[in-house]
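The values are calculated or read from the model by the stated rules, or taken from the named source; none is laboratory data. All of these numbers come straight from a predicted model, not from anything done at the bench. A quick note on method: Cβ atoms are made from the backbone with ideal geometry, for glycine too, and the neighbour counts reach across all protein chains shown.
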């Protein structure tokens with residue numbers, strides 16, 4: 001139940017395999033069952049009206065849970081996103097970062113589930129929530145798993 | 001942001017309007033943003049194999065969020081369930097009660113959203129999670145709202 | 001891609017393993033990728049107000065997709081429901097049967113996904129929709145798979 | 001139940017209010033209850049491995065249902081996405097366009113629901129499915145509705 005990668009190792013690995021992540025996301029904190037991920041909000045994340053776009057929030061939720069799985073399973077992990085449910089509840093500010101608080105609810109042999117609450121930095125009212133599910137390939141398999 | 005009904009008033013009202021609730025559910029605790037609801041597990045809640053059935057968990061999640069809305073909005077509330085997402089993560093025991101920990105994420109003028117984690121009593125590993133969404137009728141309206 | 005059980009064999013098997021199904025559900029039609037399942041609406045499926053209850057619709061969706069998997073994979077199949085999303089869109093009548101039209105979107109080695117539209121019999125406006133996901137145990141395994 | 005905007009008017013309006021849509025999406029066909037939307041797949045829609053990214057599929061689903069609502073409600077429509085559920089079922093090709101087939105399941109006074117199946121062009125196996133829900137502001141209101 002312990003971490004295979006710490007916060008620094010995880011950040012470094014994410015930047016290495018997903019170069020675009022480096023300019024979009026930062027890992028604020030990490031422990032065995034939760035992670036806080038920051039979306040470094042820029043114009044490219046906004047939609048008309050100046051709020052953070054739905055696809056940007058989807059990315060934030062997906063990266064948060066994926067990073068949490070990596071931190072627990074290690075660099076060779078090949079989790080594939082199989083499902084997502086989201087609720088958009090308040091208007092996100094486009095002028096400050098967005099903070100995702102992610103909890104890993106299950107990390108089984110073949111299935112992982114993580115919950116994410118997203119906030120405009122400085123507010124404690126959730127802007128959106130997401131649950132992401134992942135298929136995990138069999139141990140030792142090199143191939144990503146699409147079930 | 002305060003409660004309109006306390007735990008005793010809420011329990012009494014639920015039993016009055018949903019007589020079948022009395023034998024199935026109990027409110028363990030209640031505060032302004034969260035409720036703990038108990039499913040009094042009996043044979044009728046089980047499926048073959050002796051685990052708590054999916055429909056029973058759906059009911060537990062729905063009653064939890066609905067009760068939380070009642071506690072905040074009062075007896076005249078006519079929330080209608082419009083959406084639900086659930087993930088089933090572990091096998092629930094059929095021999096002890098099931099405990100739902102519900103958090104109200106949003107209670108707006110026309111939309112409410114609640115998150116629910118469900119546990120076999122005595123375990124801290126969630127058996128299932130649910131998010132329930134509700135449409136709230138306009139203030140003063142007697143009619144339930146299906147949008 | 002062909003059926004392992006036809007409609008009669010499927011109905012017989014469902015009644016055998018889930019005796020309670022016999023009085024609640026009937027298979028109206030079945031082909032390789034879709035099934036039409038009927039909820040034989042009785043008082044026990046209703047909630048106050050006389051509409052079909054949420055848990056009854058959850059059951060209908062779950063049985064529909066599960067039966068479709070059985071028809072394709074055969075009697076030894078041990079699919080476990082891992083996820084569900086539902087939207088409730090209109091008030092279902094409580095005085096006639098409810099009809100579920102289910103399409104199997106994926107039947108992989110370890111994951112199955114089915115979509116369900118539910119109608120009050122005689123109406124072409126969907127009352128609710130559901131997507132159900134299932135984990136399938138490895139071939140030859142006797143154990144149900146919770147991932 | 002008829003269209004307020006035809007395909008050409010809808011395309012023109014989308015390009016006008018969402019300039020970025022013009023290079024990403026095209027309306028292939030439109031009728032009263034359904035729309036076929038094309039994602040013009042480019043490198044920016046891909047993730048490492050060369051498949052279409054999750055956020056790109058989220059955008060495709062969201063634009064499809066939003067455009068369908070516009071076509072029915074007209075240019076003044078201010079629908080706000082309130083919920084989303086998606087299942088990712090197969091690996092999308094990154095070398096051809098992606099096609100979304102969207103059906104409007106409900107267009108009420110305050111709530112709209114649309115279903116979307118997404119395909120790699122030329123294949124009839126769905127890559128992903130999505131259901132998107134929207135809150136609609138009261139008639140005559142200029143403000144977007146977050147419930």
Surrounded by 24 or more Cβ atoms within 10 Å (Cβ to Cβ), closer than 29 Å to residue A:115 by Cα and either facing another protein chain (nearest Cβ under 9 Å) or at pLDDT 95 or above (or both): is that true of residue D:111 in this structure? yes
Out of (1) within 14 Å of chain D (Cβ to nearest Cβ); (2) part of a helix (DSSP H, G or I), the one residue C:81 does not meet is (2)
Only unsatisfied item for residue A:22, checking (1) within 14 Å of chain B (Cβ to nearest Cβ); (2) assigned to a helix (DSSP H, G or I); (3) surrounded by fewer than 18 Cβ atoms within 10 Å (Cβ to Cβ), is (1)
Of those in the range C:47-57 that are in a strand (DSSP E or B) and in contact with a helix residue (DSSP H, G or I) (Cβ under 8 Å, 6 or more places away or on another chain), the residue nearest to the other protein chains (Cβ to nearest Cβ) is C:47
Checked the range B:102-114 for anything touching a strand residue (DSSP E or B) at 6+ places or on another chain (Cβ under 7 Å) and not in a strand (DSSP E or B); matches are B:110
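Here is a yes/no grid of residues against (1) at the interface with another protein chain (Cβ under 10 Å from one of its Cβ atoms); (2) assigned to a helix (DSSP H, G or I); (3) touching a residue at least 60 places away in the same chain (Cβ under 8 Å):
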residue	(1), (2), (3)
B:61	yes, yes, yes
B:65	no, yes, yes
B:75	no, no, yes
B:86	yes, no, no
B:94	no, no, no
B:100	no, no, yes
B:116	no, no, no
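Might you let me know whether the range B:26-36 holds any residue that is within 14 Å of another protein chain (Cβ to nearest Cβ), more than 22 Å from residue A:105 (Cβ to Cβ) and surrounded by fewer than 19 Cβ atoms within 10 Å (Cβ to Cβ)?
There is at least one residue in the range B:26-36 that is within 14 Å of another protein chain (Cβ to nearest Cβ), more than 22 Å from residue A:105 (Cβ to Cβ) and surrounded by fewer than 19 Cβ atoms within 10 Å (Cβ to Cβ).
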Sole miss for residue C:43 among (1) under 13 Å from the mean Cα position of the chain (by Cα); (2) more than 30 Å from residue A:105 (Cβ to Cβ); (3) surrounded by fewer than 23 Cβ atoms within 10 Å (Cβ to Cβ) is condition (1)
